[in-house]
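The values are calculated or read from the model by the stated rules, or taken from the named source; none is laboratory data. The structure presented is a predicted model; accordingly, all values stated were derived computationally and were not measured. Quick reminder, even Gly has a Cβ in these numbers, built from the backbone with ideal geometry, and neighbours come from all protein chains shown.
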Amino acid sequence: MKSLKRWVRRRREIAAIAPRCRELEDEIGKALGESVRLVPAPMKGGYDEILTVEGCRRLGILRLNNPSKDQQDPIGPLDPGIPLDDRGRIEREWHAYSMLFPLGLSPEPLVRGPDFMVCSWLPWDRASRRLLADSGKIWSLLETVLPAIASMHGAGLTHLDLNLGNVLFDPCSARTCLIDFEFGPASWIREDQQKAFDYLRLIEDCTKPRRGGANLKSDLRRLGTLLSANVPAEARSAGLDFVFSRLQRLAREDAVCDVLREVFPQDVEIGRAACRERV
């Protein structure tokens, strides 16, 4: 019954944007110089609809606001990232890609409007899907994505929801791209804390069994070496008392946290203690 309800709700969401999609086929086609069709994409779109832009070949990916889409997402007082409103998400993603594409770290931003943006399509898997198929790729992924995070931060950006579903990974070229910038910082969080959280959010996702967690935990010395080589001093010294209220899975990983304590001295243990007190 639940699956039927989800299917009906999904059909209603798609129907709600059909008139806007017909308008955008003309607008995007003119901008790209050829006739296009917009096709709902199989991937989840978070707060927005994701559609592929099809011409004589696949030309790009469309992110489109859908006011009819259910966007309930409870936010706790210590959550470092806050979901942006419809236009805010378009603005943030366009800005992020404009900064990261020249560095080879995101798709290329192509066309935008107040309620949509189009970026180039990359024939790469999300890292979460790649690791589900081959968890042994966890190390080649980390060796690529940790420097990418440092470069993103160097460009003046943070992500705040950097799970493996928001990383595109090409194992052939050992390249990664960062996508889905849907969150802005909470009013209380400093930039150094945002940077530290990006690293820790990624590591938490990597501890999951379906994400290569066993491979990661089989060589924690290697994890510590990678983090030490890539996490800058600013992020290492950030106050982290808030982190484990959001990353509770990571707080339960004692051996992993022992390694993290070497990279983020003392603050990791302070954050875990604060999490236990709240629980």
Test: residue in region 104-120 that is in contact with a helix residue (DSSP H, G or I) (Cβ under 8 Å, 6 or more places away or on another chain) and assigned to a helix (DSSP H, G or I): no
Search result, residues across region 138-176 that are under 21 Å from Ala235 (Cβ atoms) and either free of Cβ contacts under 8 Å to residues at least 24 places away in the same chain or not in a helix (DSSP H, G or I) (or both): Gly154, Ala155, Gly156, Leu157, Thr158, His159, Leu160, Asp161, Leu162, Asn163, Val167, Thr176
Number of the condition not met by Gly184 [criteria: (1) within 17 Å of Leu141 (Cβ to Cβ); (2) surrounded by 15 or more Cβ atoms within 10 Å (Cβ to Cβ)]: (1)
Meets criteria (assigned by TED's automatic domain parsing to the domain that holds Glu27 and more than 13 Å from the chain's Cα centre (by Cα)) for Gly156: no
Exclusive hit being among the acidic types (Asp, Glu) and within 24 Å of Leu32 (Cα to Cα), set Glu182, Glu93, Glu143: Glu93
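Conditions tested, residue by residue: (1) of a type in the set (Asp, Glu); (2) buried (at least 20 other Cβ atoms within 10 Å of the Cβ); (3) at pLDDT below 95.
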| residue | (1), (2), (3) |
| --- | --- |
| Gly55 | no, no, no |
| Pro67 | no, no, yes |
| Asp85 | yes, no, yes |
| Ser106 | no, yes, no |
| Met117 | no, yes, no |
Residue within region 236-247 that is surrounded by 23 or more Cβ atoms within 10 Å (Cβ to Cβ), in a helix (DSSP H, G or I) and modelled with pLDDT under 95 present: yes
Single residue of Lys217, Lys195, Lys208 found to be in the same structural domain as Ala155 (by TED's automatic domain parsing), in contact with a His (Cβ under 6 Å, 6 or more places away or on another chain) and either in contact (Cβ under 8 Å) with a residue 24 or more places away in the chain or surrounded by fewer than 21 Cβ atoms within 10 Å (Cβ to Cβ) (or both): Lys195
Which listed residue is surrounded by fewer than 23 Cβ atoms within 10 Å (Cβ to Cβ) and not assigned by TED's automatic domain parsing to the domain that holds Leu227, from Arg112, Arg129: Arg112
